[in-house]
Amino acid sequence: MDDEVEELNSRQVNNLCLQASKMEESEASLSDECLLIHRKRRDKQHSPDCGTDSIKDQLWKSPNTDEDDRMQELSQVVHKVWKNSSWWERYGTDWSIFGLAFCMLPVGFLCLRSQSLFLCAVGIFLLGLVHFVFTIKGSHMSSHRTLCQSRTLGKFWATFFAEVCSCVPLQCGEEGHVKLHHGYTNIIGLGDSSIWKVPYLSCGIYMFVAPLLLPIVTVFVGLKYVTQMPLVPALRSLFCMVFGLWSNFQLLVNVSGLSYSSALGCMFLSRALLAIPFIHVNIFQHIGLPMFSLSNRPRRLQLMTNAVLNLPRNVILDWTFGHSLISCHVEHHLFPHLSDNMCLKVKPLVSKYVCDHNLPYHEDTYMSRLQLFLSNYKELMVLAPPIAHLVEFH
C-alpha cells in the first residue's frame, strides 16, 4: 500500500512539474479594463503555479518552444532528485526544526519567570525565534502544502500556522501569495511585491522603524481581510486568530507569571524580534529586478530567473524563515511544491542548469541589497518601476 501511495504521489509531482513547463500565460490581449476587472475578481480566478493548484486548474497549452523544452528538462531533473529522496529529506528535516521550536516554547516561558534581566531577555529571544519559525517558515510551507503528503493534515497545519499563529486568514494568504505572487511574479499591478511599498514613509522610517509595528499591523490587516470574507469562513478564521492571541497571552500570564501589561509587552517584543529582516527579505528578492507587463512577460523559466534573487545562507534566517525564502528563492519560485530542504538539495542542479543555458541566476548579499535600497529608495520604493523588455531569449 505504501508503495502504491508513493508511486501515485511521484506521478502527481511529475505531472505538476511537466505541466509547469507547458504553461503559457496567454493574457497578452487583455485590455486595461479587463486587467482591472481581473484584479478586482482575482480571488475567483486561477493563476498558473506549479504544484499549488490542482491539475484541472493547470490546463494551459502553449506551442512547443526551446523555452518549454528547457523547463520540461529541468523539471525532469528535479523530479528525479525528488523521487530518489527519502521521507526525511522531503519532510523530516524541516519537521525537526518545527519540533525543536515546539520544545523551545516552555523554555522561553519559564525563562520569563526569572527575576534576572538576562534570563528574561533570553526568554523573549527564544519566544521570538519560535514565533517566526511558526509564522514565516510554517505559514509559508503550509500555504504551499509542502509540509506533508496528506491533504487533511496539510490543511490543518496551514490553518494552525497561518491563522492561529500568524493572525492572517488562510484563504487570503493563499490567494495573495500562492496564486497571485507566484502566478504573476514581478508582473506590474499583480505580483509585483507592491504590497510591501509604503511610499509616504521616508527611507529610514520604512527600513528600520516601521517594521517594528508589524505585530500590530498584522492583526489589523487580518481583521480587514476577515470583513471581506463570507460569513462562515470569516467566523472560523476570526475564532482561530483570537484563540491564538488569547492563548499566547494566557501562557505569559499563567506560566510566566507576568502581569497583564508585562505580558502584552513581551508579546510585542517577541513578535517584533525579526520584523526588520523580514521586511527586508521580502523587498530585496524581487524589487529592483526586471518588471514586466501582463502583455510582454516571458515564459516561466525566463520570468523566474530574471525576477527572483537568492540571498546567502544565514543560520538564524535559514532556521526561522526557511531556505525557500532566503538562499533558495529562485528554486522555490520555479518549484513551489518542494519543501525548504528539498529546495536546498536541488539548488546546485538548478543553478548549474540555468547558468549553462545562459539565463540569469541572481544572487546578492544582504548588506549589498540593503545599501542599494538605502541609496535608491525613491526609485525602488516610491516611483513606478520601468517595464523590462527581453528581446532575445537565449
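Worth pointing out:
- Residue, most open to solvent (accessible area, probe 1.4 Å), within region 104-134, restricted to residues that are touching a residue at least 24 places away in the same chain (Cβ under 8 Å) and part of a loop (DSSP other than H, G, I, E, B): R113
- Test: residue in region 313-333 that is open to solvent by less than 10 Å² (accessible area, probe 1.4 Å), out of contact with any strand residue (DSSP E or B) (no Cβ under 9 Å at 6 or more places or on another chain) and more than 19 Å from I279 (Cβ to Cβ): no
Matching residues to (1) open to solvent by 30 Å² or more (accessible area, probe 1.4 Å); (2) on the phi < 0 side of the Ramachandran plot; (3) without any contact (Cβ under 8 Å) to a residue 60 or more places away in the chain; (4) of a type in the set (A, V, I, L, M):
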| residue | (1), (2), (3), (4) |
| --- | --- |
| I205 | yes, yes, yes, yes |
| L231 | yes, yes, yes, yes |
| M241 | no, yes, no, yes |
| L245 | yes, yes, no, yes |
| Q250 | yes, yes, yes, no |
| S259 | yes, yes, yes, no |
| S262 | yes, yes, yes, no |
| I279 | no, yes, no, yes |
| H286 | no, yes, no, no |
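- Criterion violated by V198 - all others in (1) open to solvent by less than 40 Å² (accessible area, probe 1.4 Å); (2) over 22 Å from L264 (Cα atoms); (3) in a helix (DSSP H, G or I) satisfied: (3)
- The set of residues in region 207-229 being assigned to a helix (DSSP H, G or I) and open to solvent by 50 Å² or more (accessible area, probe 1.4 Å) consists of F208, V209, L212, L213, I216, V217, F220, V221, L223, K224, Y225, T227.
- Matching residues, region 334-364, being in a helix (DSSP H, G or I), open to solvent by 20 Å² or more (accessible area, probe 1.4 Å) and under 21 Å from K137 (Cβ atoms): N341, L344, K345, K347
- The number of residues in region 288-310 that are touching an Asp or Glu at 6+ places or on another chain (Cβ under 8 Å) and under 23 Å from L383 (Cβ atoms) comes to 5.
The values are calculated or read from the model by the stated rules, or taken from the named source; none is laboratory data. The shown structure was predicted, so the numbers you read here are calculated from the model rather than taken from an experiment. Backbone-built Cβ (ideal geometry, glycine too); neighbour counts: all protein chains shown. All accessible areas refer to the heavy atoms of the entire protein, side chains included, with ligands and DNA or RNA removed. Shrake-Rupley method; radii C 1.70, N 1.55, O 1.52, S 1.80 Å.
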